Amino acid sequence: MFKNAYTGLWLLLALALAAVLTVAFSDDISIGGKTLRKTPLIADLWKDHKAEADSVAKADSIAEVKSKPLEIKTDSLPQSILIFGDSMTFNLALRLAQYAKQNGHTIHSVNWDSSNTKIWAEHDTLAHYIREFRPTQIFISLGSNELYIQKPETRLPYIEKILAVIDTIPYVWIGPPNWKEDAGINDLLERTCSRGSFFRSAGMEFKRKADHIHPTRQSSADWVDSIMRWIPKSAHPFLAAPPDSTITKSNPNIIFLKALNK
């Protein structure tokens, strides 16, 4: 007796569920000249699911694009190179000058000891040297003096100001040669620089001077070699053949600026 009663109840529930699903998935139903609109539940669920799927697909697409190597024709014309930045700049410039001589480029360097993005952004020094040297390629060596900053996002306005001064000139921002874990300055620089314009140095092996911070001259030369091997994959590739062994020295035309207490 009870079995028959439960059987009837389950049958009734099954029929009710079937009716709801039929209405939900069917077009609008007309009865006696009146139209019954179907429930928006299924449509809304499908809409939300589709929007989420589209969002995930878009994010995957962007990540895929960023991970693909850039395929840009190498500029074969002689370049006017400007490298500027903190105290890491000097040794970088020495090796970069050898590349310039090998490939027919000219080079100018501005070394500002103890400088950082804030100092460069708050002075017209960069704009001055851009007007003077008219570079077609710029290398930036900044960030080493900001590894200790616990809130690197506070540096964003300064980074953006520097890039605004550079404007449309092709550039490579050389990330700091970390001797300790940073609090996010490298990630901030990479996010802010245009694609193919940031070279991440963190994670590379360096032989350091007695201060355990600055790479030795030879290690700096190896550092530049790594950067120049990467140039063909950058946003603005140019001639970067390694210097012949006969090129032992080349003048980087370096300017030294006095350190500021900031």
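Report the local net charge at Thr89: Lys and Arg +1, Asp and Glu -1, summed over other residues whose C-beta lies under 12 Å from its C-beta.
Details: positive: Arg95; negative: Asp86, Asp113.
Here the count lands on -1.
Of Ser226, Ser219, the sequence from fewest to most neighbouring Cβ atoms within 10 angstrom is Ser226, Ser219.
Cβ crowding within 10 Å, taken as a proxy for footprinting-reagent exposure, orders Ser144, Ser114, Ser245, Ser87 from fewest neighbours to most as Ser245, Ser114, Ser87, Ser144. A straight line joining the Cα centroids of the stretch 69-116 and the stretch 164-191 runs 15 Å. Residues whose amide H comes within less than 5 Å of that of Leu257, counting only those at least five positions distant or on another chain, are Asn111, Trp112, Asp113 (H built at 1.01 Å from N in the peptide plane).
Here, the stretch 199-262 is characterised by an Rg to Rh ratio of 1.01, where Rg is the alpha-carbon radius of gyration and Rh the Kirkwood radius. Which entries in Lys73/Lys180; Lys73/Lys209; Lys180/Lys258; Lys209/Lys258; Lys118/Lys180 show an alpha-carbon gap greater than 30 Å? Violating the 30 Å limit, Cα to Cα: Lys73/Lys180; Lys73/Lys209.
Residues whose amide H comes within less than 5 Å of that of Arg208, counting only those at least five positions distant or on another chain, are Thr216 (H built at 1.01 Å from N in the peptide plane).
Looking at the stretch 166-239, which GluC sites (Glu not before Pro) are in a loop (DSSP not H, G, I, E or B) and have at most 16 other Cβ atoms within 10 Å? Show your work: numbers first, answer last.
Numbers: sites: Glu181, Glu190, Glu205; in loops: Glu181, Glu205.
Of the GluC sites (Glu not before Pro), the ones in loops of the stretch 166-239 whose Cβ has at most 16 other Cβ atoms within 10 Å are Glu181, Glu205.
Simple spin-label estimate for Leu15 and Thr248 gives 10.3 nm between the two label positions (7 Å along the Cα-to-Cβ direction from each Cα). Stokes-Einstein diffusion coefficient for the stretch 80-257 at 10 °C in a medium of 1.306 mPa s, Rh from the Kirkwood formula over Cα pairs: what value in µm²/s? Translational D for this selection: 98 µm²/s. In a DSSP loop and with at most 11 other Cβ atoms within 10 Å, the trypsin sites (Lys or Arg not before Pro) in the stretch 104-192 are Lys180. The equivalent ellipsoid of the stretch 78-183 has semi-axes of 24, 16, 11 Å, largest first, where each one is the square root of 5 times an eigenvalue of the Cα gyration tensor. Per-residue extension of 0.36 nm, minus the Cα-Cα distance of His212 and Glu132, leaves a gain of 25.3 nm for this segment.
Extension gain for Thr168 to Thr192 (0.36 nm times residue separation, less C-alpha to C-alpha distance): 7.2 nm.
Read-outs: derived from the displayed coordinates by stated rules, not from any lab. Please read all numbers here as calculations on a predicted model, not as lab measurements. Quick reminder, even Gly has a Cβ in these numbers, built from the backbone with ideal geometry, and neighbours come from all protein chains shown.
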